[in-house]
Structures are given as structure tokens and as C-alpha cells.
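Have a look at the structure below before the remarks.
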Amino acid sequence: MTEKLSDTARKTTLQPLLENGWSMVEGRDAITKSYTFGDFVEAMGFMTRAALWAEKWNHHPEWFNVYNRVEVTLSTHDVGGLSALDTKLARKFDGLVA
Ligand SMILES: C[C@H](O)[C@H](O)[C@H]1CNC2=NC(N)=NC(=O)C2=N1
């Protein structure tokens, strides 16, 4: 059962992401990050790899692409806010570009 992130988890798992380029979306319990790549093909390569993890974990991003930029927003629709699945997917996405 997916649950909203606890206050403790927000300190231990959300805070490091907020210090690594992620930020809270205004007016929502969601996080967002903009990734910039060398060109469109690199951006699509990231999206393709990210999509496979999203599907594997049955947890899907909201995202927007223009040319070499991918804006990702993560939130858990089933609970109306952030859950551990969002921080897990955010760490995976950061790992894909590291
Ligand atoms: C039925 C299906 O398992 C759910 O709708 C899953 C799919 N992917 C999801 N993705 C996200 N971001 N939040 C969800 O609550 C969610 N729920």
C-alpha cells in the first residue's frame, strides 16, 4: 500500500533531492527537475531509459520535452502527493544522467 511520505522520510530521502536540483512544485505536493542534454537524441535516450524504469516500477512521470530539455514532475496520483515511489524514481533518473 502506497502512503504519503512521512515527515521523517521527507528529511532523509526528500531533502537530499532538493539539494540536488529538484524543487517543490508551488501549490502541489510534487517535485520537479529540468534536465538539459547535448541534443534531442540524448534527451530522447534519457526518456526512453527512464520510461523503462517507470514502467517496471508502475510509477509514471509527468514530463515535457523540447529539443534537448526534459522537465520532469513526480507525484503519486493514487495518494494525492509525494510517496516513496517518487523519491525512488527521482534517484533513479538522477543516476541515469550521472
Ligand atoms: C493503476 C495503476 O497501477 C496506477 O494508476 C499507477 C500507475 N502509475 C502511477 N504513476 C504515478 N505517478 N502515480 C500513481 O499514482 C500511479 N499509479
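Go through the residues of the stretch 13-30 one by one and say whether even a single one is touching a helix residue (DSSP H, G or I) at 6+ places or on another chain (Cβ under 9 Å), within 15 Å of the ligand (Cβ to nearest atom) and of a type in the set (Lys, Arg). Checking the stretch 13-30: not a single residue is touching a helix residue (DSSP H, G or I) at 6+ places or on another chain (Cβ under 9 Å), within 15 Å of the ligand (Cβ to nearest atom) and of a type in the set (Lys, Arg).
For the stretch 19-46, a residue qualifies if it is closer than 23 Å to Asp78 by Cβ, in contact with a strand residue (DSSP E or B) (Cβ under 9 Å, 6 or more places away or on another chain) and either charged (D, E, K, R) or surrounded by 13 or more Cβ atoms within 10 Å (Cβ to Cβ) (or both), and the qualifying residues are Trp22, Met24, Val25, Arg28, Asp29, Ala30, Ile31, Thr32, Lys33. Per the conditions (1) within 12 Å of the ligand (Cβ to nearest atom); (2) surrounded by fewer than 13 Cβ atoms within 10 Å (Cβ to Cβ); (3) at pLDDT 95 or above, the sole criterion not satisfied by Thr2 is (3). Looking across the stretch 47-62, just one residue is surrounded by 13 or more Cβ atoms within 10 Å (Cβ to Cβ), over 20 Å from Asn20 (Cα atoms) and either more than 13 Å from the ligand (Cβ to nearest atom) or of a type in the set (Ser, Thr, Tyr) (or both), and that is Arg49.
Among the residues making up the stretch 31-46, those that are within 11 Å of the chain's Cα centre (by Cα) and either free of Cβ contacts under 8 Å to residues at least 60 places away in the same chain or within 14 Å of the ligand (Cβ to nearest atom) (or both) are Ile31, Thr32, Ser34. Give the stretch 1-50 a look and list any residue that's of a type in the set (Gly, Ala, Ser) and not in a loop (DSSP other than H, G, I, E, B), or say none. Selection gives Ala9, Ser23, Ser34, Ala43, Gly45, Ala50. Scanning the stretch 63-98 for residues that are without any contact (Cβ under 8 Å) to a residue 24 or more places away in the chain and within 21 Å of Leu18 (Cα to Cα), we see that the one that is nearest to the ligand (Cβ to nearest atom) is His77.
The values are calculated or read from the model by the stated rules, or taken from the named source; none is laboratory data. All values reported here derive from a predicted model rather than from experimental measurement. No Cβ is skipped: glycine too gets one built from the backbone with ideal geometry, and neighbour counts run over all protein chains shown.
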